[in-house]
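Input: a single structure, listed below in structure tokens.
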Amino acid sequence: MINCYEILGVRHDATAAEIKKAYRQKAKLFHPDATKSKDSEKFQNLVRAYEILSNQRQRSIFDESFYTRSTYTKNNQETFDYYKWLSARMDEESRAKLIFFDLMHEREDEAVAEFKRMSMEHADFNLKQWFSREDFMDYGYILAEELALRNEYYDAVILLEQIIRMEYSFSYFRLFFPEVLEFTLSILKRNIVDTINDELAIDCYERALDLGFSPKEDSFFLRQMAELYKRIGDLETSKICYEESLRVSPESKNRNFI
């Protein structure tokens with residue numbers, strides 16, 4: 001496997017702009033038209049390295065496969081440890097990748113702890129911006145499962161909401177999407193009321209109303225919100241939620257919800 005960073009002559013934490021600049025400089029040197037050489041292997045490797053590192057998904061895959069499954073030795077002495085490299089860095093991209101790296105290497109507790117820490121310290125911390133749709137869908141779902149196992153239901157719902165919204169932005173067939181919806185609905189029905197504070201519970205149900213569930217489920221969310229608002233003393237909003245639940249699904253008036 002080629003070392004893309006070495007071929008381009010950039011650091012492992014190089015930015016997209018630095019990668020593009022390095023490629024342009026080396027392309028001028030190695031292009032067959034410039035060198036008049038019939039051996040184009042060096043140029044082809046350069047192009048391939050650039051294609052990998054300039055694509056966020058391919059770069060992520062390369063980082064994991066090259067630095068965790070292969071032994072990369074610099075000067076036959078220093079072994080590159082991708083985990084230690086990520087752990088030593090404090091930028092959001094590295095911390096996000098560390099969370100998923102831990103998750104995939106049987107360090108679930110560490111992954112959850114780091115996710116909680118980053119979420120608390122950075123209000124705008126957003127995992128999905130650092131991964132492709134496919135990776136975020138897979139790893140994000142696994143992280144949500146781990147959060148739910150630790151009774152971190154609010155965080156699990158927020159993460160699942162991001163996955164669902166991302167999935168709705170794509171029109172093609174969603175193979176595992178029903179599983180995501182079923183898991184999210186299960187948490188909303190069974191693990192919200194009386195497990196997190198009432199304000200956060202209301203927030204979960206408000207978010208759920210925008211996620212495309214059925215009228216029956218939306219009515220359930222509204223009924224739960226009505227009870228929660230009543231419990232915190234906001235009777236007017238409680239009444240509004242209850243009446244809206246009947247409008248959304250009239251047949252739910254006498255239904256015994258889970």
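The values are calculated or read from the model by the stated rules, or taken from the named source; none is laboratory data. Remember, it's a predicted structure, so these values are computed and weren't measured experimentally. Here Cβ is always computed from backbone atoms with ideal geometry, including for glycine, and neighbour counts include all displayed protein chains. Please note that ligands, DNA and RNA were not included when accessible areas were found on the heavy atoms of the full protein model with its side chains. Shrake-Rupley method; radii C 1.70, N 1.55, O 1.52, S 1.80 Å.
A compact table of results
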{"read-out": "Close pairs (6 angstrom Cβ cut-off, 6 or more residues apart or separate chains): touching a residue at least 12 places away in the same chain (Cβ under 8 Å) in the range 206-232, in a loop (DSSP other than H, G, I, E, B) anywhere", "value": "PRO215/SER249; LYS216/SER249; ASP218/LEU209; SER219/SER249; PHE220/PHE257; PHE221/LEU209"}
{"read-out": "Hits in the range 228-258 (condition: at pLDDT 95 or above, under 17 Å from LYS189 (Cα atoms) and open to solvent by 80 Å² or more (accessible area, probe 1.4 Å))", "value": "none"}
{"read-out": "Residue within the range 150-165 that is farther than 23 Å from LEU188 by Cα, out of contact with any helix residue (DSSP H, G or I) (no Cβ under 8 Å at 6 or more places or on another chain) and surrounded by fewer than 20 Cβ atoms within 10 Å (Cβ to Cβ) present", "value": "no"}
{"read-out": "Identity of the residue in the range 27-84, at pLDDT 65 or above and among the β-branched types (Val, Ile, Thr), that ends up nearest to CYS4 (Cα to Cα)", "value": "ILE52"}
{"read-out": "Count of residues meeting criterion [open to solvent by 60 Å² or more (accessible area, probe 1.4 Å) and either over 15 Å from GLU161 (Cβ atoms) or touching a Leu at 6+ places or on another chain (Cβ under 7 Å) (or both)] in the range 185-227", "value": "8"}
{"read-out": "Residue check for ASP109: at pLDDT 85 or above and either assigned to a loop (DSSP other than H, G, I, E, B) or exposed (fewer than 14 other Cβ atoms within 10 Å of the Cβ) (or both)", "value": "yes"}
{"read-out": "Within the range 114-149, tally of residues that are open to solvent by 50 Å² or more (accessible area, probe 1.4 Å), small (Gly, Ala, Ser) and in a helix (DSSP H, G or I)", "value": "0"}
